[in-house]
1. Condition first: of a type in the set (Gly, Ala, Ser) and open to solvent by less than 20 Å² (accessible area, probe 1.4 Å). Now tell me which residues in region B:249-292 satisfy that.
2. Which is within 14 Å of chain B (Cβ to nearest Cβ), open to solvent by 10 Å² or more (accessible area, probe 1.4 Å) and not in a helix (DSSP H, G or I), of A:590, A:583?
3. State whether one or more residues within region A:469-477 are open to solvent by 30 Å² or more (accessible area, probe 1.4 Å) and either in contact (Cβ under 8 Å) with a residue 40 or more places away in the chain or touching a Leu at 6+ places or on another chain (Cβ under 8 Å) (or both).
4. Could you list, in sequence order, the residues of region B:304-321 that are closer than 13 Å to residue B:402 by Cβ and either free of Cβ contacts under 8 Å to residues at least 24 places away in the same chain or under 32 Å from the mean Cα position of the chain (by Cα) (or both)?
5. What residue, among those in region B:308-348 that are in contact with a Phe, Trp or Tyr (Cβ under 8 Å, 6 or more places away or on another chain) and in a helix (DSSP H, G or I), is nearest to residue B:398 (Cα to Cα)?
6. Which residue is farthest from the other protein chains (Cβ to nearest Cβ), if the candidates are limited to region A:48-92 and must be in a strand (DSSP E or B) and open to solvent by 10 Å² or more (accessible area, probe 1.4 Å)?
7. Taking residue A:399, is it in a strand (DSSP E or B), assigned by TED's automatic domain parsing to the domain that holds residue A:347, buried (at least 19 other Cβ atoms within 10 Å of the Cβ) and touching a Leu at 6+ places or on another chain (Cβ under 9 Å)?
8. Against the condition farther than 27 Å from residue A:31 by Cβ and either open to solvent by less than 10 Å² (accessible area, probe 1.4 Å) or at pLDDT below 95 (or both), how does residue B:200 come out, does it pass?
Number of protein chains: 2
Amino acid sequence: MSEEAFMQRTVTCGSLRATDEGKSVILNGWVHRDRNHGALHFINLRDRYGLTQVVVDDDASAELQEVAASLKLEYCIAVKGIVRRRPDSMINPDMATGEIEVKAEKIEVLSQCAVLPFMIDDECNAKEDLRLKYRFLDLRSKGMTDRIVLRHKIVKAIREYFYKTDFLEIETPTLIRSTPEGARDFLVPSRIYPGKFFALPQSPQLYKQLLMVSGMDKYFQIARCYRDEDPRGDRQLEFTQLDIEMSYVTRDDVLAMMEDLFNDVFKKVLNIDLPKSFKRIAYNDALNTYGCDKPDLRFGLEMHDASSFAAKSTFNAFLEPLKGKGAVKYLVAPHKDGFDYTRKYITELEDAAKVYGAKGLAWMKVQEGKLSGGVTKYFAGLEEEVLATTGAKDGDLILLVAHDNWKKCCNSLGAVRSKLGADLKLINEDEFAFCWIIDFPLFEFNEDEGHWEAAHHMFSMPQAEYIDTLEQDPGAVKGDLYDLVLNGYELASGSIRIHDIELQKRIFRICNFPDDVAQERFGFLLEAFKFSPPPHGGIAPGIDRLCMIISKVNTIREVIAFPKNTAAMSPMDDCPAVVEPSQLNDLKLQIVQEEK
Amino acid sequence: MSEEAFMQRTVTCGSLRATDEGKSVILNGWVHRDRNHGALHFINLRDRYGLTQVVVDDDASAELQEVAASLKLEYCIAVKGIVRRRPDSMINPDMATGEIEVKAEKIEVLSQCAVLPFMIDDECNAKEDLRLKYRFLDLRSKGMTDRIVLRHKIVKAIREYFYKTDFLEIETPTLIRSTPEGARDFLVPSRIYPGKFFALPQSPQLYKQLLMVSGMDKYFQIARCYRDEDPRGDRQLEFTQLDIEMSYVTRDDVLAMMEDLFNDVFKKVLNIDLPKSFKRIAYNDALNTYGCDKPDLRFGLEMHDASSFAAKSTFNAFLEPLKGKGAVKYLVAPHKDGFDYTRKYITELEDAAKVYGAKGLAWMKVQEGKLSGGVTKYFAGLEEEVLATTGAKDGDLILLVAHDNWKKCCNSLGAVRSKLGADLKLINEDEFAFCWIIDFPLFEFNEDEGHWEAAHHMFSMPQAEYIDTLEQDPGAVKGDLYDLVLNGYELASGSIRIHDIELQKRIFRICNFPDDVAQERFGFLLEAFKFSPPPHGGIAPGIDRLCMIISKVNTIREVIAFPKNTAAMSPMDDCPAVVEPSQLNDLKLQIVQEEK
C-alpha cells in the first residue's frame, strides 16, 4: 500500500501564525467547538498542540457545506484549506493561533464520535469514576493533557540532570523474592514453578545496594514500585519513584546532589530559581516547631514550649504532663481582619488536635492588652509573663496543648497549626518550600508486637556516636536518615546505608530478626556484604507526588494517565477480574471459597 | 554526624594524567591487582571509571607497609597520596592513567573481601549460574560493566531522540486486565479483591492505542513487559521494549522515524553512520531470497528459484513439488580456499535443512567446468543450462531443496544459507545491516485450533485493497505490518492500526472471536473506538536485543543487570520461592497438591 490513506496534516493545530497567511495547509484533529451561522460554519479544531479556527465560508461548495453541517463535537477530521488573517475585530489574543483562521476547501471525516459521557472540558463535573471509565476521553481535556505533558517535562528534566552527572540508569528486576515487609508484597505465581511465587518490588532497595557492591558507583532509575494494601490516603497499588544510590558518599553529598537536581528541574520546567541549599531541620526540632516531620514552611505559625509559664499555672491538665516526660506547647494564632475565632471555630481546631491524641485544646484570647476566656482563670498573676513570652497581641488567640507524651503533644498542636494555615489563607500557592528533615530516630518501638523495628528501613546507618551502644537504648539512636519535604509533603526518604555485615546483623537482631531468620530473608544481601561493599547511600523521591505538587492538584490520580480509583480498581478495563479456570489450573492454584 | 566517616575520594580511578603530577589526591576503589616486591607494593586500584596504579614505596612508614601487606584482591580501600610520573620505562600506553602512579601516604581499608567464587575477570570461565548467583561480583568485571554502561548510553540516546521530536513519555499501568493471549499472562492476585486477578502486560499495546484516542499524538515509553512461558530460546520472563505510537501517520512515516532514530543512536553511541534509509524487502521476497523473514544481510548467498531447470530433470523429488504449490530452490555455496565441501559437511547442512521440514538436501559440485556428484545424474543434457543459470564456478557447490510447501522449502534452504554464512565466515562482525520486512500476511491459519489468527496482532490494519474482501480469502490478505531486522534478528515489529470499530470487529470474527467474546475481552478498546480514534500506528523495538546486538554478545542475559537464568529463575535470590501460608490466606488462595 502506502498510497495516502487520508489527508495527512502538514501542520499541527497550534502552529499557524499571521506570517503563514496564504499557505495551503492540512490539519488533523478533533472538533472542539462548532458553530453554524446559516451556511457559515466555524469549527475549532483541536490537537495536543493547540486550537485552530476553521471556517467553511457561506459560498463553499454544497458538498463541503454538507460535510460541515454533519460534523459533531469530537469528530476526528482532516481539513485542507488556506490560511488567512482574521478580520481585526475577530482576532483572539488569548489564542496562539488567534490571528488567523483556515478557510476550508475540503473536509474529510476520519472517524465519528458517539454521544459523549461528559463534556471534554476542564469544568466537567463528572464523577471521578466516570472520568476514569472513559479516561481516554478525560485525557483529551486541556487540564489532563497539560498535566501529562508537564509530567513528561519533569521526568525529562530529571533524566537530563543525571545524564550530565555520570549516573547510570540501570533497570532492576520486578519479579523478585518476597521480602520481610512481605505482608504488602504483591505475589506473582508462575506456571513454570507451580506453588512458588515471585513478588513485585516495593522498591528496588536491595538491588540498588547490590549495584553499589557491583561498582556501578552512581545509579538512578525511574522505577515502578508496588504495594498490595488497602486503599487509604492518596495511594496507588503501583507508583513510580526516582531511585538513586551513590557510592563513597556521606549524607551531605546526597543532600547537595538533590538540591542541585531540584534546582535544575525547577529552573528547566518552571523557570523558578530555588534556593541553592534547602533548610535543614533536625527531627526533634521539626516536631517541636511545626508539630510534624513534614512541615509546610510556606507559613510560620511556629509552635513553642509553654512549660515556663504553664508550670506556674493552676491548671492540672498542664501540671501533670510536666511532672513526667510530657509537654505543654503553644502557638499564637494571629488576629486577622474579618476572621473571628468563635467558640465554634475553636471547637473545630480542638477536633483537629484530638485526632492526634490531645484530650483537649486550651485557649486564651488577647483583648485590650489582657488575656480572656478559656483557661485564663488558671493564669492569675501570670498574664504579663504569658503576654511577654508569647508576644501575643490584641485579637490574637493563644492555643495550647498538653500531653504526657511529647510527640503526641507536638502532633496535636501541629494539626491545629496546619488547619490554621489553611483557614487563615497563610499559604502562598505559588511557593515551593523545600526543607530537609535530618537526625531521625533509627528505631521505633512496635507496641503491638513488642519489639523494636526500623523507623525507615533496616539498611540505614546509625550515626557514628551511637554505634558502640546500639543495643543499650535503641530508642535514643539517631540514624543517618534524611527526608526531603516540599510544601508539607514527604517527597523523598533516604539514608546512608550500612556496609558492614556485623553491624547489619546487629540491626537485624534489634529488629527481632535473629541471625537464622535474617539469613533466610536477606541471605543474598548478607552474602554480598562479605565481598567488600563500598560505603554508600541514596534516596528515592516519589515521582507521582512531585508531579502532583508541581501541578497543584490534590491527588496523584490527576497526574497518572491510567490510575486505579480510590477502591484500587480500574473502572476502564474493570480489573482486577475473574480469570479462566484453565489459567488457575496452569498455576496449580485454587480459590478458597468463603464459608457462608 | 557528618564528620568525615572515611577518606573520601577527590578523583576517580580513571581521571589522573601526567598533568596532575604533584597533586595530593584521594582515591576510592577495589584492589584489582596487587604485587609485592619485598617492601615495595604495587596496587592497581579500580572503580567504574578506570584503573590507577598505587605504589607503596619501600621507604614508607611501617604502619603503611603493614596495611599494604594486608591487602587482598577486591578489598575496598581509600588511598591518599601524591600523583607522580612513572619512570619512562614503566609508562603503560594501554592504560588511560598509564603515565602516572600515586605514591601512597595513607591507606584505609573500607571493607574486606571474602574468598572470591571466581576471578573478577573477563576470562573468568565460571558457569553462568555461578556468575548469576554472585551477579554483584560478576558485574564488577570490565565486560559486564562496559555492557551496563553501553546499555545506559543506548537508552539515553534513544530518549534524547524522542525528547527533541515532540514525543511524550507516558507511563502505562502494569497491573491490568488479563487479555486474550491470556495463556501467557502473569496473573497477580490482590488481597483487596480475593478471587480476582490483575495481569502483568505482555506489552502496553491497548494502552498506547488508547493514548492515541486521548490525543497524545506521539507517545513513547521504555516499558517493562512480561510473559509467563516456559523458557525457550533467549527469552526472559520480564523484558524491556521501546514502545512507540503515533497519530495521523502512514507506514512510511513510522519507517522514516525509525530510520532517523537509529541513525541518531548509532552515531551518538558508536559514531557509526548508518544508511539514511534501510532496504525494504517484501515478506515473500525475503522468504524467496533469504529463506526467512529476518534475513542477515551481512552476507549474500542469495537463494533462487530452481524450477526452470529442475522441471526438466528426471528427479522425482523435484518434479512432484512443482506439480502443485511446491517449490524447488537453490543457492550456490562458493569455493573457499581451505574449506572442503565434504560429504560429512554436506550432511551437516542437510541436518540444518531438515529442522525446517526438508526431506533432504540435494547437491552438485562444479569441477573443471562440469557438474559432478549428488543429483548430477538427473540433469543429463542440462549441465550447461544449470551452470549458466546458477553461474556456479569451479569449486562451488550447488545446493537445492524441494518441498511441496513453498514456505518450508524457503525456510529449509534458508537454514542452509545461515549455516554457510557462519561457517564460511562471510559475516563482517563490525557491520550493522538493517532492513525492513513489509507486506506481511495479516492472518495465518492455526492448524491445531482450526481457525485463522492474527499473524502479528489483531489490531493491525489490512492493506487497503484487501479490506472489502477480507473474509473471502484471509490467507491472501496483506497487512500494513513491518518488522525491523538487524543482523538476522527481528528487532522490532509494528503496524498501522485499525481505527474503525466495524473493521476491528470483522478482524475479531475472522480470528474466531465472535462479537460477544470480543466484547468480553476487548470491551474497553471497542468502547474507545466509538469516540473518534485518529488513524494511528506504531512499533516496538526490543531494548534487550538491541543492546545484545550492539554489544556483540550471544544472549540478552549479558546485557541485563540481574537476569533470570535459562530455567527462568534467579540463582542470586533464589526466586520464585515458597511463601508464608499467611500470605496465601490473605489472598484466599491455596496450592493444589499434585496427586502422587
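The values are calculated or read from the model by the stated rules, or taken from the named source; none is laboratory data. What you see is a predicted model; the values in this text were computed from it and never measured. Counting neighbours? That spans all protein chains shown, and the Cβs are built from the backbone with ideal geometry, glycine included. Note: areas computed on protein heavy atoms with side chains; ligands, DNA, RNA excluded. Shrake-Rupley method; radii C 1.70, N 1.55, O 1.52, S 1.80 Å.
1. B:286, B:291 - these are the residues of region B:249-292 that are of a type in the set (Gly, Ala, Ser) and open to solvent by less than 20 Å² (accessible area, probe 1.4 Å).
2. On the way: A:583 fails: not in a helix (DSSP H, G or I).
Criteria check complete, one pass: A:590.
3. Scanning region A:469-477 turns up no residue that is open to solvent by 30 Å² or more (accessible area, probe 1.4 Å) and either in contact (Cβ under 8 Å) with a residue 40 or more places away in the chain or touching a Leu at 6+ places or on another chain (Cβ under 8 Å) (or both).
4. B:305, B:307, B:311, B:316, B:319
5. In this case the residue turns out to be B:346.
6. The qualifying residue farthest from the other protein chains (Cβ to nearest Cβ) is A:85.
7. In short, yes.
8. yes
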